[in-house]
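Some notes on the structure that comes next.
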Amino acid sequence: MGFSSNSWKDTVANCRATGEFTWNLVTRSLAEAMNASSTTAEVDEFDAAGVEVAESVEIAAPRVAASPATFECRVTQIIDLRSATGEASGSWFTVGEVVGVHLDESLLVDGIVDTAAAEPVLRGGGPTTYFGISADQRFDMRRPC
């Protein structure tokens, strides 16, 4: 599991200091809280976002209680992203091994996660652009043998 940051923010610094992080699925109902938590101000992001904290099981880092899917991770790499010419971009990519999973069982259909039922939110390329995933966007394909 991994995430990127467009600068050296508290989250990346905390990952380096503790060796741990949680990845919490952002749903439509959590989108505004996620946005509030992205502040660069020196505040507790959980407090800034007004979200309830839940304890993790395998690591010390807290997780978002309302997220229907959370991965507890141990940091394996923190990568200083570079341009094609080798110059520092100012962005960082943090990668972790998943050591714990919290999943709302209502998302399971015949043992498979129904991604659309969670109403996840994705970044859309622009600084303010986001998209949701819905069941009407689904299609299936089988890989060729």
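The values are calculated or read from the model by the stated rules, or taken from the named source; none is laboratory data. Not measured: the values here are computed from a predicted model. All Cβ positions, glycine included, derive from the backbone under ideal geometry; neighbour counts span all protein chains shown. Heads up: the accessible areas ignore ligands, DNA and RNA and are worked out on the full protein's heavy atoms, side chains in. Shrake-Rupley method; radii C 1.70, N 1.55, O 1.52, S 1.80 Å.
Would you point out which residue out of PHE71, PHE46 is under 13 Å from the mean Cα position of the chain (by Cα), open to solvent by 40 Å² or more (accessible area, probe 1.4 Å) and of a type in the set (Phe, Trp, Tyr)?
Among PHE71, PHE46, only PHE71 is under 13 Å from the mean Cα position of the chain (by Cα), open to solvent by 40 Å² or more (accessible area, probe 1.4 Å) and of a type in the set (Phe, Trp, Tyr).
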- Long-range neighbours under 8 Å by Cβ, at least six apart or interchain, first residue touching a residue at least 12 places away in the same chain (Cβ under 8 Å) and of a type in the set (Lys, Arg) within the stretch 54-78, second surrounded by 14 or more Cβ atoms within 10 Å (Cβ to Cβ) and in a loop (DSSP other than H, G, I, E, B): ARG63/SER56; ARG74/GLY19; ARG74/ILE59
- Answer with yes or no whether ALA66 is surrounded by 13 or more Cβ atoms within 10 Å (Cβ to Cβ) and either over 22 Å from GLY132 (Cβ atoms) or hydrophobic (A, V, I, L, M, F, W, C) (or both). yes
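Assigned to a loop (DSSP other than H, G, I, E, B), in contact with a helix residue (DSSP H, G or I) (Cβ under 7 Å, 6 or more places away or on another chain), of a type outside the set (Val, Ile, Thr) and open to solvent by 30 Å² or more (accessible area, probe 1.4 Å), is that true of ALA84?
No: the conditions fail for ALA84.
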- If you go through GLY124, GLY90, GLY132, the only one that is touching a Pro at 6+ places or on another chain (Cβ under 9 Å) and modelled with pLDDT under 95 is GLY132
- Which residue, of SER83, SER5, SER37, is touching a strand residue (DSSP E or B) at 6+ places or on another chain (Cβ under 6 Å), without any contact (Cβ under 8 Å) to a residue 40 or more places away in the chain and of a type outside the set (Lys, Arg)? SER83
